[in-house]
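Values in this text are rule-based calculations from the coordinates and carry no lab data. Every value quoted in this text rests on a predicted model; they were computed, and no experiment measured them. With ideal geometry, Cβ positions are generated from the backbone for all residues, glycine too; neighbour counts draw on all protein chains shown.
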Amino acid sequence: MVIVENITKEFNGRKVLDNLSIEIRDGEIITIIGKSGIGKSVLLKSIVGLLRPEKGRIFIDDIPLVGENIYLLRRKIGFIFQKSALIESLNVGENIGLALKYIRNMPAEEIRNRVIDALRKVELDPKVMELFPSNLSGGMLKRAAIARAIILNPQYILYDEPTTGLDPIVSRTIEELIINLNRKMKITSIIVTHDLNSAVGISDRIAMLSGGKITFLGSTSDFMNSSNRDIIEFRSSYYLKTGE
Ligand SMILES: Nc1ncnc2c1ncn2[C@@H]1O[C@H](COP(=O)(O)OP(=O)(O)OP(=O)(O)O)[C@@H](O)[C@H]1O
Ligand SMILES: [Mg+2]
């Protein structure tokens, strides 16, 4: 379980997260939605310890995310960055196996087997390991980034905009993969997106980030039926933009 307790994160004196609290339950898929620039990525990066809030506390499985704990807790978490962030000069296999080589110090043959296993789990052909990131389509890049995250058997995966920039059909296949990993590997999944359709399609719960706080948290159907002002505004601007 992740407990975020009253965190405040400022940049240049401006509060992006303002006394924000949220609890993430084990095994769930929770999506955090909100307008562009509202602080979704800042919240995810805070949960993984890449950004340090000025105030408040974060607990992962009851352990506070501070000091040395950060490095231990990070091992439980896979992070899929908004930009897929594979290293261009390494092939896909080397990218996916990087952590096993440098963090776990594993022999090459075992790394190779684990990379193949991770590629299978994200439904990529093992041959893809020889390709370079620049040769992959957007959807394949996302899958490779997910493979790199799951190779360390994380308990949590944090996805920052996993479907943004992908066409609707590829987006749906990535959503199915996220659901599969959550159900089969029991990975608690925290997703950040501004894609309403995607949020509604895959989440157990949806949270709305607005004005530095979580202004709504509930089931997908609660979300669709909510008369919360932020949600009504978000839903209508989304439908205007997408024409759905
Ligand atoms: N390292 C940083 N230094 C200064 N300001 C930052 C930093 N990271 C984020 N910000 C600011 O914090 C605010 C929230 O940024 P964030 O990236 O979390 O938005 P977001 O909700 O993820 O947006 P998007 O949907 O466009 O990805 C923005 O105003 C951004 O400029
Ligand atoms: Mg972002």
First measure r as the distance between the Cβ atoms of Val200 and Ala108, then evaluate 1/(1 + (r/R0)^6) with R0 = 45 Å and state the FRET efficiency to the nearest 0.05. 0.55
What angle, in degrees between 0 and 90 and rounded to the nearest 10, separates the Cα long axis of helix 229-242 from the longest principal axis of the Cα atoms of the chain? 60 degrees
Which of the aspartates and glutamates could a cross-linker span from Lys15 if the Cα-Cα distance has to be under 14 Å and same-chain partners fewer than 8 positions apart are dropped? Glu54
Between the modelled labels at Asp26 and Ser237 (7 Å from Cα along Cα→Cβ) the distance in nm is 3.8 nm
Alpha-carbon centroid distance for the pair segment 101-127 / segment 129-203, whole angstrom: 18 Å
Between Glu123 and Lys184, what length in nm is gained on full extension when 0.36 nm per residue of separation is reduced by their alpha carbon distance? 20.6 nm
How big is segment 2-242 by Rg and Dmax over its Cα atoms, in Å? 18.0, 56
Listed by chain and number, the lysines with an alpha carbon less than 30 angstrom from that of Lys186, same-chain partners under 8 positions apart left out, are Lys35, Lys40, Lys45, Lys76, Lys83, Lys101, Lys121, Lys127, Lys142, Lys213
Cβ-derived FRET efficiency at R0 25 Å, Phe11 paired with Asn228, nearest 0.05: 0.40
Segment 1-101: GluC sites (Glu not before Pro) in DSSP coil with no more than 15 other Cβ atoms inside 10 Å: Glu28, Glu54, Glu68, Glu88
Over segment 94-220, what portion of Cα pair distances is larger than 17 Å, expressed as a whole percent? 60 percent
